[in-house]
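The next block holds one structure in the form of structure tokens; read it before the comments.
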Amino acid sequence: MILLDTHILIWLAGEPAKLSRRASDAIRTASHESGIAISAITLWELALLATHGRLDITGTVEAFVEKVSSRTAIRPITVKVAVLANQLPADYSRDPCDRLIGATALAEGITLVTKNAKIRRCKQLKTIW
């Protein structure tokens, strides 16, 4: 199983050409084998972006979030994830969503697909871009 960062999920759904070849290959393989997951916080981020017009959607925000996330496993924000998010290095992204997504990958022991360079520099995480 692999975990997708929010921007990766958005690109996968609407602009797959933005994905690196390595990311595309990993997503394709995972979708046929172990599965694709997102952090529960990604649902909130999708709703926020759609509500504030930062994503071009048709229909309701709820229908959009449901459609985009429908082919993924939703990983919860557990106590372990909450604690790990606060233990990530100081040079890791300060964005709480990024921290929760990274902590989810750590807690689940899975690889995170992200373009974010700050996240990819974190030695605790296994990432793909």
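Bear in mind these aren't lab numbers, they're just calculated from the coordinates by the rules spelled out. Keep in mind that what you see is a predicted model, and the values were worked out from it rather than measured. Backbone-built Cβ (ideal geometry, glycine too); neighbour counts: all protein chains shown.
To the nearest 20 debye, what is the magnitude of the charge dipole of segment 49-121 about its Cα centre, counting +1 on the Cβ of each Lys and Arg and -1 on the Cβ of each Asp and Glu?
Roughly 260 debye, rounded to the nearest 20.
Under a Cβ-Cβ cut-off of 14 Å, what is the net charge of the residues other than Gly59 that fall near it, where Lys and Arg count +1 and Asp and Glu count -1?
-2
Taking every pair of distinct Cα atoms and averaging 1/r, then inverting, what Kirkwood hydrodynamic radius in Å comes out for the chain?
This gives a value of 14.7 Å.
Give me the percent relative contact order of segment 1-108, please, defined on Cα pairs under 8 angstrom at least 6 residues apart.
29
Run down the aspartates and glutamates and flag those whose C-alpha is under 13 Å from the C-alpha of Lys123, throwing out any fewer than 8 positions away in its chain.
Output for Lys123: Asp91.
Check cross-link reach from Lys126 to the aspartates and glutamates: straight Cα distance under 15 Å, and skip same-chain residues fewer than eight apart.
Reachable aspartates and glutamates: Asp5, Asp98, Glu108.
Helix check for the chain. Which DSSP H runs span at least 15 Å along their own axis by Cα, with a mean Kyte-Doolittle hydropathy no less than 0.0?
Counting only whole DSSP H runs, the qualifying helices are 40-51, 96-108.
How big is the charge dipole of the chain about its Cα centre, in debye rounded to the nearest 20, if each Lys and Arg gets +1 on its Cβ and each Asp and Glu gets -1 on its Cβ?
Dipole about the Cα centre, nearest 20: 480 debye.
Specify the residue with the greatest mean-square fluctuation among Val68, Val79, Val113, computed from a Gaussian network of the chain linking alpha-carbon atoms under 10 Å apart.
Val79
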